[in-house]
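The values are calculated or read from the model by the stated rules, or taken from the named source; none is laboratory data. Model, not experiment: these values are computed from the prediction. Please note: Cβ atoms are built from the backbone with ideal geometry, for glycine as well, and neighbour counts cover all protein chains shown. Accessible surface is based on the protein model in full, side chains and every heavy atom, while ligands, DNA and RNA are left aside. Shrake-Rupley method; radii C 1.70, N 1.55, O 1.52, S 1.80 Å.
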Amino acid sequence: MKTLAEKQVEYARLVLTEGLALQKGQLLAIDCPVDQAWFGRICAKLAYEMGCREVVMNWEDDELTREKYLHAADEVFDTVHPWTAEFFDKVSEEGAAWLAIHAADPENLKGCDAERIRRAQIASGKAMKKFRERETNNEFPWCVCSIPTEKWVKKVFPDMELSAAMEKMWDTILTTAYVDDGNAVENWRAHSAELQRRTEVLNSYHLKTLHYENALGTDLTVELPETHFWSGGAEKCITSGVMFSANIPTEEVFTLPLKTGVNGIVYASKPLSLNGNLIENFGFELKDGKIIRAFAEKGEDVLKNAIAVDEGASYLGEVALVPYDSPISNSGILFYNTLFDENAACHFAFGEAYPCLEGGDKMSKEELAAHGANDSITHVDFMVGTADLKITGTTRDGREVPIFVNGNFAF
Ligand code: ZN
Ligand code: ZN
C-alpha cells in the first residue's frame, strides 16, 4: 500500500507526463493556489528532474482576489495589465506546457459587485483572447487538475473536521485520476483508450441531431455541423505532435453544436459555481441556437450577466457526453468545481466552441463561423445529465440510433 504522500507524488508525475507530455528543454507555467504551495513545488521539482528548462509560477490567491473586488479603484476592472497579458501571450506562443491547478473557493466572490465581475471578465476575455484561442486549438499542451484547499473542502464537506475533509477530498481526487494501485500511467492510458473507443462509435454514426429528454423537463434538439467529429481522451498538440490530456480527471467525449441549430428547453441538473457565485436550479430556452430565456432560482443576475458578455455567450459551444455511472458521478459528491462536476454529468457549454471540425485546427475564425462554430470570449460548462436522461441520435441518412438510455451510453 502506498502512503498518501507517495500517491500525491505519483499524481504530480502523472499530471506532468500524461497531462502535459512535458518535454526536455520545455518551459512550464504553473497556476497554483498559494495556500497549497507545497504541491506546486513538488510539480516544479519533478519537472526539473524531467529536464524542464524553467518553471514559472502563477500563484492564485482567493483572499487577495476578493480584497481586490471589494476595495480596488473602480477603473481597474476594465483593464488588464499589459505585462500580465504579455505573459500569457508569450508563454503560449512559445508552446510552453501549461499546468492549471484549479481549486478555488466556489463562493469566493459572494456579495461582490456583479457589475465589476462582469467588466473584469470582459477585460480579461479580450486580453486573453490569443491565449484562449491557442488553448482551444491545442497549440500548446495544457492540463487542468485539482488539489484540495481549505475553503473548497469546507464547502463540499460542511459537516466534517477540516483534516478529515482534506483527506477525503485527496482520496476522491486520486481515485478519479485512477491513482490508487501504483499503476497510474497504465490505468490512465487504458481509460483514455476507452474514451477514444466511444468517440469512434459516435463518429461512425455521422449524426445530424441529438434529442435530449428527461423528467426535469429537458426537451432539446441539438443539430451538429456536417463535418463535426467527437473527441475524448488524449489530444494532440498541433505544434509539437505530442499527445496530452487536457483534464485530469476526464470522463467526457465532446463535440460542438451547430451554432444556429439548437432548439427547445434545457434544465441544469447541478448548481454552477460561476465567477465565485453559485447559481442553482436554472435552465435555458433556446431558439435557432440563441438563448432566448435564462432562469434561475438563485444567482439569476450572475447567470444573465454571464450570457451577455458578448454575442456568442448566448449560444452553445460544446456538447459533452458523460455516463451517469462513472467514478466521479458515483462518488455522489457535488464538487462546486467544474473540473469534477463536468466529468460527472452530460453537459453543454455556452460560449466559445472547440474546433471539432475536419480541418478545423487550420481554419480562420471566419471559416470556423461559416461551418457553424460559435465564437466568444467566454466558455462555461453547465451540467444537464440525470439518471433518466435519454438521448436519441438521428443520422445524416435519417436513421434513429439510441445514444443514451437511462443516463448511460447505449453502446
Ligand atoms: Zn466539457
Ligand atoms: Zn467545456
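List of remarks:
- Cβ-based net charge around residue 409, under 15 Å, with every Lys or Arg adding one and every Asp or Glu removing one: -3
- Descending by average beta-carbon neighbour count within 10 Å, the peptides 77-89, 350-362 line up as 350-362, 77-89, the highest first.
- Beta bridge orientation in the chain: antiparallel %, DSSP, nearest 5: 75
- Relative contact order of the range 1-126, taken over Cα pairs closer than 8 Å and 6 or more residues apart, is 32 percent.
- The heavy atoms of residue 378 offer some 10 square angstrom of accessible surface to a 1.4 angstrom probe.
- In terms of Cα atoms, the Rg and Dmax of the range 147-213 work out to 18.2, 51 Å.
- Normalised per residue, the volume of the convex hull around the Cα set of the range 110-154 (Å³): 98
- For residue 7, net neighbour charge (Lys/Arg +1, Asp/Glu -1) across residues whose Cβ lies under 11 Å away: -3
- Rounded to the nearest angstrom and listed largest first, the equivalent-ellipsoid semi-axes of the chain from its Cα gyration tensor are 30, 25, 23.
- Whole-percent pair-distance distribution, where bins are 10 Å wide, for the alpha carbons of the range 8-148: 11, 38, 35, 15, 2
- For the range 226-330, the percent of C-alpha pairs falling in each 10 Å distance bin, counted from 0 to the bin holding the largest distance, reads 13, 34, 37, 15, 1.
- In the complete set of protein chains, residue-level accessible area for residue 285 is approximately 60 Å², probe 1.4 angstrom.
- Over all projection directions, the Cα-based convex hull of the range 1-77 averages an area of 6.8 nm².
- The range 252-411: radius of gyration and largest Cα-Cα distance (Dmax), Å: 15.6, 45
- Per-residue SASA entry for residue 179, accessible area with 1.4 Å probe, Å² rounded to 10: 0
- The shape of the range 5-46 can be summarised by an equivalent ellipsoid whose semi-axes, obtained from the alpha carbon gyration tensor, come to 17, 14, 8 Å from longest to shortest.
- Filtered trypsin sites (Lys or Arg not before Pro), the range 15-64: DSSP coil and at most 11 other beta carbons within 10 Å: 24
- Rounded to the nearest 20, the Cβ-based charge dipole of the chain about its Cα centre (Lys and Arg +1, Asp and Glu -1) stands at 400 debye.
- Net charge contributed by nearby residues that have their C-beta within less than 12 Å of residue 148 (K/R +1, D/E -1): -1
- Angstrom value of the Kirkwood radius, inverse mean 1/r, which spans all Cα pairs in the range 95-181: 15.7
- With a threshold of 31 Å on the Cα-Cα distance, the over-threshold entries among 130/259; 304/390; 110/168; 90/208; 68/155 are 90/208.
- Using all pairs of distinct alpha-carbon atoms, the Kirkwood hydrodynamic radius of the range 208-263 works out to 13.6 angstrom.
- Taking 13 Å as the straight-line reach from the Cα of residue 24, the aspartates and glutamates in range (excluding those fewer than 8 positions away in the same chain) are 49, 54.
- Cα pair distances of the range 154-278 binned at 10 Å [whole percent]: 10, 24, 33, 25, 7, 0
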